[in-house]
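The values are calculated or read from the model by the stated rules, or taken from the named source; none is laboratory data. Quantities reported herein were computed from a predicted structural model and do not represent experimental measurements. Reconstructed Cβ throughout: ideal geometry from the backbone, glycine too, with neighbour counts over all protein chains shown. Remember, those area values only see protein heavy atoms, side chains included, never the ligands or the DNA or RNA. Shrake-Rupley method; radii C 1.70, N 1.55, O 1.52, S 1.80 Å.
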Amino acid sequence: MVDLESEVPPLPPRYRFRDLLLGDQGWQHDDRVQVEFYMNENTFKERLKLFFIKNQRSSLRIRLFNFSLKLLSCLLYIIRVLLENPSQGNEWSHIFWVNRSLPLWGLQVSVALISLFETILLGYLSYKGNIWEQILRIPFILEIINAVPFIISIFWPSLRNLFVPVFLNCWLAKHALENMINDLHRAIQRTQSAMFNQVLILISTLLCLIFTCICGIQHLERIGKKLNLFDSLYFCIVTFSTVGFGDVTPETWSSKLFVVAMICVALVVLPIQFEQLAYLWMERQKSGGNYSRHRAQTEKHVVLCVSSLKIDLLMDFLNEFYAHPRLQDYYVVILCPTEMDVQVRRVLQIPMWSQRVIYLQGSALKDQDLLRAKMDDAEACFILSSRCEVDRTSSDHQTILRAWAVKDFAPNCPLYVQILKPENKFHIKFADHVVCEEEFKYAMLALNCICPATSTLITLLVHTSRGQEGQQSPEQWQKMYGRCSGNEVYHIVLEESTFFAEYEGKSFTYASFHAHKKFGVCLIGVRREDNKNILLNPGPRYIMNATDICFYINITKEENSAFKNQDQQRKSNVSRSFYHGPSRLPVHSIIASMGTVAIDLQDTSCRSASGPTLTLPVEGSKEVRRPSIAPVLEVADTSSIQTCDLLSDQSEDENTPDEEISSNLEYAKGYPPYSPYIGSSPTFCHLLQEKVPFCCLRLDKSCQHNYYEDAKAYGFKNKLIIVAAETAGNGLYNFIVPLRAYYRPKKELNPIVLLLDNPLDDLLRCGVTFAANMVVVDKESTMSAEEDYMADAKTIVNVQTLFRLFSSLSIITELTHPANMRFMQFRAKDCYSLALSKLEKKERERGSNLAFMFRLPFAAGRVFSISMLDTLLYQSFVKDYMISITRLLLGLDTIPGSGFLCSMKITEDDLWIRTYARLYQKLCSSTGDVPIGIYRTESQKLTTSESREIASQSQISISVEEWEDTKDSREPGHHRSNHRNSTSSDQSDHPLLRRKSMQWARRLSRKGPKHSGKTAEKITQQRLNLYRRSERQELAELVKNRMKHLGLSTVGYDEMNDHQSTLSYILINPSPDTRLELNDVVYLIRPDPLSYLPNSEPSRKNSICNATGQDSREETQL
């Protein structure tokens, strides 16, 4: 070990600390060798190669010089031909010898010397070991033929007039041109399209063929017709165009042979060129070519990036994007990595789209493709996710990469991104506008359970329409529904507005009410000039400023509205002080007139007994009358506004039993302690005071904490909300939070059951028979199918099964394709549905973007497609506030001072208000709520076939009842009324029909011989009718038997009623004179209760806290 250590050499001096301090003294005896790299480039040959070949710019100059030399030699040949005098005679010497002047000969010799020297030098520099490869190249051979004879003539003067085919230099010029283009692309670091190069090569080939043929025919005909250059050009054009007039023809055999040779060459060369050109043209059609830089700088365009382009997605984007007048001159550049679909190609060939839509096949991750689309000059970039993918997370990852690539390439280009999963949203926070599909989807599904048809309301608000749908229909509800569907959200600065300028310095509710009364517009929100946050209905304490931006709902924006002078009409109506009969006011164009409505709202006196009156008691003497509706104050009075303290729950519990108080104490209000994903907005909501163990979350399995195994055993006070989904994703958080929002009273909180699998047994265990709503979420595994529209097949059939088994259950369904909504609650023999189908086709032919709106399931809010919200992202390009307003309406964002969407129901005690305008005034003056629409339900007229079917079933039931025992027929009137609705599921007072038929058969066996022939025939007919009993009764029997097998009570199922004979629809911002009807649900934007001070009267707190309204007049505050 000692020997080994002694043999270890000491460290070199350069590693010693002393040497580092002393400097370079220790390097003097160092054995290091300095190595110089790339020394081979310092040789003379490498320097020449660098100048002539490797360096792009110098090589480009050499190519250009060579190209100029070739063109100059061809020009000298033409000059020689033009200066030559044609000699007489037909001697062959005229072919080999020409007249060439001395100056011309000198120029041609100089050009030949330079060309030959350059060719030899380039051959030497590009030599790679095979000399024959350099010599036998066609350009080198042509160079030798054209240059060597001139060089020889220097030393042999008698050969100065020797004919040299200098016109063949045109082919060398073509070769130099091709090389020059390649060097040009390398020098400027930009590649032109292959189509441009191929077209240039084809044109140059044609010119070279024609020029060679002209010069050859002219020279060979020197012993013939003595053709000049023009005659030769004429002959070549006529020959190559296959016209062949025959007035100019070659005479000598040599010229004829030359023509044959040129035609053969043309037949070989030109088809190859055209084939390459056609191939490149087809590839260009697939890839889409480039978007012109000049057009990008002079015209405006947006870029649409998608992973796969379907016809529905394309048409939705184009129809919504070009629905705005100021976007008519924009171009749309589609960047898609897949080949253009056949249907998309057919649509883009329509002149309306072919001039404005450009399809480019390429990837957003490649800078070359982004450069082709001129992304850096684009006004906006829309990046859409592929929702038809089985793995939606993978689809989001692709979207994120596209957004990053676009932001890296064009950081100033506004980004509009669609994402599927909420947990992936924080990766694209830099985007200007983001729409998360699952956030909006679950929020709309949740609000559908509180405010019916919220999904339809939002869908109609974010679609661009003129309200012309359904105006040709004979049914009144379709006309009203179609006209109100044209309402959209617009904005304007208050001081620039005719609608709102006069309300500067007044409260928000005052401005909203009077603007609706005067112009028919609904003011829903406002934004301060120095604040980015939008406030929906900030309440009566908010004072309007001149610089505020007002957001309102109307048929069209104020700039497109016409205002009519109604001073005379106002003067004629001022004298009216009493309300005489129901008001049916006309609406001129899109502006509701003041007229009788305004006077009626201002008339606060009770009416005489002779006319219609508001059923209000009179206080005091007969001369003093109590106002029916308080006026809306210009500035809010704290004492007049009914407020509630939602942080305290004393008002909710003061009138409840002790057991309800104890159950309510389990809840506390606050923010959720955990956020399921980054970017979720914190929401103040109801929380359990104690965390429930995980084992107790299984409803169908008992644990050590409870022994319940079905929903009925839990004894819930409120009806259930069942969510049928494939997985419990993070987006489900946005479904739970609106249902547990702080402004909802505890006694109205519905239990939520998540059903991850939906066989019949699980449905019955989770309480489907007494559920308020069942939400069916489209499953990710079924979104992809070989046929696109079949992606909804499983969901539709499952929902149809639920619809047949539980006909009165309110089912809310999400579909992938809006076109499949026609299959929801499908009835093959329903003539009314067939009529709606025809109406939909007519509206689509008229160019409507909302042709599906008249389908009853969509109008009632029982079905929607998340793809219908794609227009929200497109519309945000023009209205950058639409995403923020939609998120506030759905409760996805909560801003202090901003209101929320809720609803109230019109009861019999509320019908004294009569009109929508009076309701508007009542709400604004009492609670500060702003109504934005009505959800109306009407009875649907049954068709003749359906009436006959019900009548026949009633006959069957009545006939069976005649054979019942005496104990079963104690109340014939009651039984008869129940059997009249035999198609319903209310059969709790009768035995099953199978049991009836058995009893009836036994009586027939005992009493058969005693009956006459007519009676026997009657009994036989009744027996046949029993076998033809309704399908509804068979399904009811199936469900009841299954419930008994599972040990469940059938009471809840017996109480289910069938409400299939009704239709529902939405009226957004109806006219002020619209009559209120019983069971109307009014959509309200309620002010933020936390912005009010608590009221000293606890009995009034509960009225405004009810998000859905109550059945009594005191609770609705009407």
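Starting from the Cα gyration tensor of segment 208-260, take the square roots of the eigenvalues, sort them a ≥ b ≥ c, and report rounded, prolate or oblate (rounded when a/c is under 1.5, otherwise prolate if a/b is larger than b/c, else oblate). Don't skip to the answer; put the middle values down first.
On the way: a/c = 1.43, a/b = 1.26, b/c = 1.14.
In terms of gyration-tensor shape, rounded.
Leaving ligands, DNA and RNA out of it, report the carbon-plus-sulfur percent of the accessible area of segment 363-409 at a 1.4 Å probe.
On the way: 960 of 1930 Å².
Taking all protein chains in place, segment 363-409 shows 50 percent carbon and sulfur surface.
Spelling out what I want: for every residue of segment 852-859, take phi, set θ = phi - 60°, compute 6.51 cos²θ - 1.76 cosθ + 1.60 (Karplus), and round to whole Hz; glycine and proline get x.
Coupling constants for segment 852-859: 7, 5, 8, 5, 4, x, 6, 4 Hz.
Explain nothing, just compute: Karplus ³J(HN,Hα) = 6.51 cos²θ - 1.76 cosθ + 1.60, θ = phi - 60°, for every residue of segment 694-710 in order, whole Hz, x for Gly and Pro.
Each residue of segment 694-710 in turn: 5, 5, 7, 6, 7, 6, 8, 10, 7, 9, 6, 8, 8, 10, 7, 10, 8 Hz.
Which residues in segment 298-313 have a backbone N closer than 16 Å to a point placed 7 Å from the Cα of GLN355 along the Cα-to-Cβ line?
In segment 298-313, the label zone of GLN355 (backbone N under 16 Å from the point 7 Å along Cα→Cβ) covers 299-300.
Please report the carbon-and-sulfur percent of the accessible area for segment 161-270; probe 1.4 Å, protein heavy atoms only, DNA, RNA and ligands left out. List each step's numbers first, then the result.
Values: 3700 of 5260 Å².
Answer for segment 161-270 is 70 percent, counting heavy atoms of protein chains only.
Segment 287-362 to segment 849-925: how many Å between their Cα centroids?
32 Å
If we sort 143-152, 830-839, 716-725 on the protection proxy, mean other Cβ atoms within 10 Å, highest first, what's the order? Display every interim value, and only then the final one.
Values: 143-152: 18.0, 830-839: 15.7, 716-725: 19.7.
The most tightly packed comes first, giving 716-725, 143-152, 830-839.
Full-extension gain between GLU84 and VAL635, please, as 0.36 nm times their residue separation minus the C-alpha to C-alpha distance. List each step's numbers first, then the result.
Details: separation 551, 0.36 × 551 = 198.36 nm, distance 10.44 nm.
My answer for the length gained is 187.9 nm.
Can you compute the modelled spin-label distance between ASP762 and PHE163, with each label point 7 Å from Cα toward Cβ, in nm?
Distance between the two pseudo-spin positions: 9.5 nm.
If amide hydrogens are placed 1.01 Å from N in the peptide plane, which non-local residues have theirs closer than 5 Å to the one on LEU815?
Correct list: PHE864, SER865, ILE866.
Find out how many positive minus negative residues lie around LEU313, taking Lys and Arg as positive, Asp and Glu as negative, among other residues whose Cβ is under 10 Å from that of LEU313.
Numbers: positive: LYS310, ARG387; negative: ASP312, ASP316, ASP870.
Here the charged neighbours net out to -1.
I'd like the FRET efficiency for THR556 and GLU299, computed as 1/(1 + (r/R0)^6) with the beta carbon distance as r and R0 of 25 Å, rounded to 0.05. Write down the numbers at each step before the final one.
Details: r = 27 Å, r/R0 = 1.09.
Result of the calculation: an efficiency of 0.35.
With the cut-off at 15 Å, report for segment 788-854 the share of all Cα pairs above it, as a whole percent. All intermediate terms of the calculation are to be shown ahead of the outcome.
Working: 1287 of 2211 pairs.
Cα-Cα pairs in segment 788-854 separated by more than 15 Å: 58 percent.
For segment 795-848, with every protein chain kept in place, what is the accessible area per residue (1.4 Å probe, Å²)? Walk me through the numbers before you get to the answer.
On the way: 2560 Å² over 54 residues.
I get 47 Å² per residue for this part.
Report the semi-axes of the equivalent ellipsoid for segment 138-262 in whole Å, largest first, where each axis is √(5λ) for an eigenvalue λ of the Cα gyration tensor.
Details: eigenvalues 190, 119, 16 Å².
In descending order the semi-axes read 31, 24, 9 Å.
For segment 683-826, what's the relative contact order in percent, using C-alpha pairs closer than 8 Å and at least 6 residues apart?
About 24 percent, as a whole number.
What number does segment 265-365 give for Rg over Rh if you use C-alpha atoms and the Kirkwood radius?
Numbers: Rg = 16.2 Å, Rh = 15.1 Å.
Taking Rg over the Kirkwood Rh, I get 1.07.
With θ taken as phi - 60° and the coefficients 6.51, -1.76 and 1.60, list the Karplus ³J(HN,Hα) couplings across segment 212-229 in order, rounded to whole Hz; mark glycine and proline as x.
For segment 212-229, the Karplus-derived couplings read 5, 5, 4, 5, x, 5, 4, 6, 6, 8, 5, 9, x, 7, 6, 5, 8, 5 Hz, x marking Gly and Pro.
Under the 0.36 nm per residue contour assumption, what length would be gained going from the current alpha-carbon distance of TYR789 and GLU502 to full extension? Intermediate results must be reported in sequence, preceding the final value.
On the way: separation 287, 0.36 × 287 = 103.32 nm, distance 5.23 nm.
Gain in length upon complete extension: 98.1 nm.
Non-local amide H neighbours of ASN758 (under 5 Å, H modeled in plane, Pro and chain starts lacking H): which ones?
Long-range HN contacts for ASN758: none found.
Quick one: which residues, 5 or more positions from VAL775 or on another chain, have an amide H under 5 Å from its amide H? H modelled 1.01 Å from N in the peptide plane, none for Pro or chain starts.
The list, which skips near neighbours in sequence, is ILE722, VAL723, ALA724, ILE812.
Distance from a point 7 Å along Cα→Cβ of LEU229 to each backbone N in segment 51-82: keep the residues under 15 Å and list them by number.
71-82
Which of the peptides 734-747, 346-359, 523-536 is most tightly packed, and how do the rest follow, judged by the mean count of other Cβ atoms within 10 Å per residue?
734-747, 523-536, 346-359
In whole percent, and with a 1.4 Å probe on the protein chains, what portion of the accessible area of segment 782-856 is carbon and sulfur?
Numbers: 1990 of 3520 Å².
Accessible surface attributable to carbon and sulfur in segment 782-856 totals 56 percent.
Roughly how many debye, to the nearest 20, is the charge dipole of segment 100-226 about its Cα centre, given +1 on each Lys and Arg Cβ, -1 on each Asp and Glu Cβ, and no other charges?
Numbers: 10 positive and 6 negative charges, 62 e Å.
Dipole about the Cα centre, nearest 20: 300 debye.
What does the convex hull of the Cα atoms of segment 300-458 come to per residue, in Å³, rounded to a whole number?
Values: hull volume 20.6 nm³, N = 159.
Normalising the Cα hull of segment 300-458 by residue number yields 129 Å³.
Quick one: Kirkwood hydrodynamic radius for segment 431-501, alpha-carbon pairs, angstrom, one decimal? Don't skip to the answer; put the middle values down first.
Details: mean 1/r = 0.0675 Å⁻¹.
Evaluated on segment 431-501, it is 14.8 Å.
Compute the relative contact order of segment 203-283 as a whole-number percentage, counting only Cα pairs closer than 8 Å that sit 6 or more residues apart in sequence. Numbers along the way, then the final one.
Values: 50 pairs, mean separation 26.7, N = 81.
With pairs under 8 Å counted, the relative contact order is 33 percent.
Over the Cα atoms of segment 713-843, Rg to Rh with Kirkwood Rh, two decimal places? Before the final figure, lay out the partial values.
On the way: Rg = 16.7 Å, Rh = 16.5 Å.
Rg/Rh for segment 713-843 comes to 1.01.
Can you tell me the relative contact order of segment 784-939? Whole percent, Cα pairs under 8 Å, sequence separation 6 or more.
On the way: 101 pairs, mean separation 25.2, N = 156.
Worked out over segment 784-939, it gives 16 percent.
Cβ neighbours within 10 Å, averaged per peptide: list 845-853, 337-345 in order, most packed at the top. Walk me through the intermediate numbers first.
On the way: 845-853: 17.9, 337-345: 15.1.
Descending mean neighbour count gives 845-853, 337-345.
Could you work out the percent of alpha carbon pairs in segment 687-750 separated by over 18 Å, rounded to a whole number?
Values: 1038 of 2016 pairs.
So the portion of pairs separated by more than 18 Å is 51 percent.
On a full-extension model of 0.36 nm per residue, what is the gain between GLN940 and LEU48, subtracting their alpha-carbon distance, rounded to one decimal in nm? Could you put the intermediate results ahead of the total?
Working: separation 892, 0.36 × 892 = 321.12 nm, distance 9.23 nm.
So the chain would gain 311.9 nm between GLN940 and LEU48.
What percentages, rounded to whole numbers, describe P(r) for segment 336-382 computed over all alpha carbon pairs with 10 Å bin width beginning at zero?
Going from the shortest bin to the longest, the percentages are 24, 47, 28, 1.
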